[in-house]
There are 6 protein chains.
Amino acid sequence: MKIGLYPGTFDPVTLGHRDIIIRASSLVDKLVIGVLNNSAKNPWFSVEERMELLRKVTKDMQGVVVDSFDGLTVDFGNKIGASVIVRGLRAVTDFEYELQIAQINHRLSPNIDTVFFTTSVEYSYVSSSIAKEVAKYGGDISGLVPEEIRDDLRAKCRQLAKGVQ
Amino acid sequence: MKIGLYPGTFDPVTLGHRDIIIRASSLVDKLVIGVLNNSAKNPWFSVEERMELLRKVTKDMQGVVVDSFDGLTVDFGNKIGASVIVRGLRAVTDFEYELQIAQINHRLSPNIDTVFFTTSVEYSYVSSSIAKEVAKYGGDISGLVPEEIRDDLRAKCRQLAKGVQ
Amino acid sequence: MKIGLYPGTFDPVTLGHRDIIIRASSLVDKLVIGVLNNSAKNPWFSVEERMELLRKVTKDMQGVVVDSFDGLTVDFGNKIGASVIVRGLRAVTDFEYELQIAQINHRLSPNIDTVFFTTSVEYSYVSSSIAKEVAKYGGDISGLVPEEIRDDLRAKCRQLAKGVQ
Amino acid sequence: MKIGLYPGTFDPVTLGHRDIIIRASSLVDKLVIGVLNNSAKNPWFSVEERMELLRKVTKDMQGVVVDSFDGLTVDFGNKIGASVIVRGLRAVTDFEYELQIAQINHRLSPNIDTVFFTTSVEYSYVSSSIAKEVAKYGGDISGLVPEEIRDDLRAKCRQLAKGVQ
Amino acid sequence: MKIGLYPGTFDPVTLGHRDIIIRASSLVDKLVIGVLNNSAKNPWFSVEERMELLRKVTKDMQGVVVDSFDGLTVDFGNKIGASVIVRGLRAVTDFEYELQIAQINHRLSPNIDTVFFTTSVEYSYVSSSIAKEVAKYGGDISGLVPEEIRDDLRAKCRQLAKGVQ
Amino acid sequence: MKIGLYPGTFDPVTLGHRDIIIRASSLVDKLVIGVLNNSAKNPWFSVEERMELLRKVTKDMQGVVVDSFDGLTVDFGNKIGASVIVRGLRAVTDFEYELQIAQINHRLSPNIDTVFFTTSVEYSYVSSSIAKEVAKYGGDISGLVPEEIRDDLRAKCRQLAKGVQ
């Protein structure tokens, strides 16, 4: 069984992420979405919340499971038996960073390869940080995050705004 | 009347910004310079100070006004009746970021378009953060910020240095 | 009256070009589409044919005229009284080339500035050469070139195929 | 059965190509290497010769077959039942071109996706044209093309040199 | 005597840095490695520690000395009599940033030029931050930092981990 | 004695080339400008003419000699005893190509290193092909090529124009 790992912060999952998940899951038998527990990034959503949002978005997809990890991506990949890491590519600066990460991961664990999907054109401007910025000021997030989680993102905005007061 | 919006942090206005302001103001009937009130960026100058510096630099220009905003750029653009957002482009990484912002802005408000000017070659290395770095160590800022505000930048350096002691 | 020049080879006009024409024409009072007579590029369509296709596509647009030129773009811009050259930007390699051309044009004729529009996301993969490649092999060109000229492109393909035999 | 298509000119196959073939073949059940019959590129080797060189290099690999095509890549992909097109990525300019091609291919045939592998660091400077340039002047091609085809490349050089005289 | 300055944070020195040091030192009579005292970057190692690690790595190299500075790079360059600043280039985003810095440095001090070496392919993915990330999670750092300092990096990890508890 | 090689087509030498020659010659004891005899590029000037133009431009420079070569750059570098190849960098696409060439050259001849200078801002848009394009249409070439060779470029234009008639 071919197992793929799609690692990321997913704070929160966007329509761009969902697009990669759908396409990657048709390439492997099982796709593990690995939510990175990275305290340095000051996420809006906790790891548990981000996993919950991903589960809402992927609940009807076959062969897709949601998990979390900290530490090196290749260590988690080996633990779950992944033979391939999946990443989305959007822009040139993405590409250079991702290329560097793929090379160091290959050095650390030659048995896991990295494959890239390019984001579909209609999601080329979509990112978690853009979605949060638009949501923060009450803009229209319908082209940015999946329908299942829009209320969660709006609720989180209200909650964060209260915390500031 | 064609109204343009030139949004930015302007902390402080540089010779590169002034170049774009002059060129953009000849393209529209009225150019609004919108100072972004972005607390996340830890600016050296307050929004009011940044507006004051911009007013010094543009006081002899026809059809140029200085304003401030927080929230989404397109919301402010709609409020002031702008039909076009103006941005300067310097480097490839600038370009990618600006392209993404232009696309999300177009999605949020299709009635406002974004046009880009490329920075003149003599200002291609000029940025607010470079100007502050040079000023901080007493370097020559004459090719970086307009003459009208050089003393303000030097005074701010002395003031910030005192604060650290 | 503000006059803009949109120069290019237009062999043939694409949906991406049409998008730029519509947006640029709302920025200036008159937009001149300048078809470059560049024998070096081995075009499929003659200058006259390319102008005719552009006229079909723009016939209902106000303030848009089609012309042709050879020589330097700024010389033609000065001849028609243009104050601004309009260009579309798609990718990073576009950007660098366009930046270089804008800088040399500015040096040759400082009174004409260059402004850039970024291609709308849905046309980000569209170019004249891609349209010709797809048409040549009988692929679907409906998302690539305007409806008014699709039959012309298909007819040209048949004509070129005959010429080869 | 998952079928992948690795299209290219392969004039001739390099160590970089071989690296992608090995890695891609482990991702799919059958990998078809599709040699593009592109007369415009003035190849050194005929389509038949390029297929023969690829067969030498891949003769011990399971699930790898060599074929040729002209026309649109997605048309060939559909003909052989491919669900995925495989491409290697080396540099930023590669990336932009490949992204554009992937987008047009997706538009022409949404049922075929494109995945990218990034070239291993030790082959990051390897290309068919570099290999030909080095071979032409008698340089050392051992880090550029697979051992099985080095004599073929040297023989082709001698043959082409004779043709010039 | 031609003196070169190789400025950087070196937190800690990597195999990529050592590669540049060896190559640059053969270009000048004396190479000064200037450790930047940049408090803003939250380094793992103090300036003194970083200098000590560099001394371990360069102790057998002729004409290489280690020093530290704060302030503008060109001011330090002038103080030590350098005629050339040496920098390594890895990726496109590196290049743009480095180009901008070289241009501002040239403006501030025209007598000092900047020359660039490109990182050797085998170190193209190596950086201080990658080395720290791998070390933090107990990964293999042998292809990332010189042998002489591997124990120092591991010891620092243990020390920092204790500090968090 | 440190010998540097500055290889190129120089069809013709530009102000950008001259800038690199001046700066590179201060880094080495002897700088050899190597004019590449590359028939594939359809140069305006013959190898002898290009060498003659370079000699005019460099006649007052100490330690600069003009030579020509065909074949691999590193072979010529070894023949003249060069320890370093000098190249100018202008844009991102330049950088990628140059990086690839530096890597293959390093593989072919590890004893010769490549160092890069970045073009001064005032020459960032200057290239031989731009100079020829401007000259061809009678534009102002004074900011593009050195004064010593302007008449030669104009004369060549007239000569080529006659050849076409």
Based on what the data block shows, is C:SER25 farther than 26 Å from C:LYS132 by Cβ, within 14 Å of another protein chain (Cβ to nearest Cβ) and of a type in the set (Ser, Thr, Tyr)? no
Just to be sure before I move on: is C:GLU98 open to solvent by 30 Å² or more (accessible area, probe 1.4 Å) and either more than 14 Å from chain F (Cβ to nearest Cβ) or at pLDDT below 95 (or both) in the structure I sent? no
Kindly check whether there is at least one residue in the stretch A:106-123 that is part of a helix (DSSP H, G or I), within 14 Å of chain B (Cβ to nearest Cβ) and under 16 Å from the mean Cα position of the chain (by Cα). yes
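Matching residues to (1) farther than 27 Å from F:TYR123 by Cα; (2) at pLDDT below 90; (3) hydroxyl-bearing (Ser, Thr, Tyr):
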site: B:LEU54; (1), (2), (3): yes, no, no
site: B:MET61; (1), (2), (3): yes, no, no
site: B:GLY71; (1), (2), (3): yes, no, no
site: B:LYS79; (1), (2), (3): yes, no, no
site: B:ASP94; (1), (2), (3): no, yes, no
site: B:PRO110; (1), (2), (3): yes, no, no
site: B:ASP113; (1), (2), (3): yes, no, no
site: B:PHE117; (1), (2), (3): no, no, no
site: B:VAL126; (1), (2), (3): no, no, no
Only residues that are hydroxyl-bearing (Ser, Thr, Tyr) and under 18 Å from A:GLU148 (Cα atoms): list them for the stretch A:47-78, please. A:THR58
Is there any pair linking a residue in the stretch C:103-130 that is over 30 Å from A:GLY143 (Cβ atoms) to one that is open to solvent by 30 Å² or more (accessible area, probe 1.4 Å) and basic (Lys, Arg), with Cβ under 6 Å and at least six apart or on different chains, and which? C:ASP113/B:ARG23
What single numbered condition from (1) modelled with pLDDT under 90; (2) aliphatic (A, V, I, L, M); (3) open to solvent by 40 Å² or more (accessible area, probe 1.4 Å) fails to hold for E:LEU160? (1)
Members of the stretch D:40-52 found to be over 16 Å from D:ILE20 (Cβ atoms) and modelled with pLDDT of 95 or more, listed by number: D:TRP44, D:PHE45, D:SER46, D:VAL47, D:GLU48, D:GLU49, D:MET51, D:GLU52
Using beta carbons and a limit of 8 Å, which pairs, at least six apart or on different chains, have the first residue in the stretch C:66-78 and within 10 Å of chain F (Cβ to nearest Cβ) and within 16 Å of F:GLU133 (Cβ to Cβ) and the second one assigned to a helix (DSSP H, G or I) and among the charged types (D, E, K, R)? C:LEU72/F:GLU133
Within the bounds of the stretch C:134-144, is there any residue that is among the polar types (S, T, N, Q) and over 30 Å from B:ALA102 (Cβ atoms)? no
Output the qualifying pairs, or none if there are none: Cβ atoms under 7 angstrom, residues six or more apart or on different chains, first residue in the stretch D:143-155 and exposed (fewer than 15 other Cβ atoms within 10 Å of the Cβ), second residue among the small types (Gly, Ala, Ser). D:ARG154/D:ALA135
Could you list, ordered by first residue, the pairs with Cβ atoms under 6 Å in which the first is in the stretch F:48-65 and closer than 19 Å to F:ALA82 by Cα and the second is basic (Lys, Arg), at least 6 apart or interchain? F:GLY63/F:LYS30
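For the stretch F:124-141, which residues satisfy the criterion of being hydroxyl-bearing (Ser, Thr, Tyr) and either surrounded by 21 or more Cβ atoms within 10 Å (Cβ to Cβ) or at the interface with chain C (Cβ under 10 Å from one of its Cβ atoms) (or both)?
F:SER124, F:TYR125, F:SER127, F:SER128, F:TYR137
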Hey, does the stretch C:1-14 have a residue that's closer than 23 Å to B:ASN111 by Cβ and more than 16 Å from the chain's Cα centre (by Cα)? yes
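The values are calculated or read from the model by the stated rules, or taken from the named source; none is laboratory data. Owing to the predicted nature of the structure, the values given are computational and were not obtained by experimental measurement. When we count neighbours, we look across all protein chains shown, and the Cβ atoms used for this are built from the backbone with ideal geometry, even at glycine. In case anyone asks, the SASA skips ligands and DNA or RNA and just uses the protein heavy atoms, side chains included. Shrake-Rupley method; radii C 1.70, N 1.55, O 1.52, S 1.80 Å.
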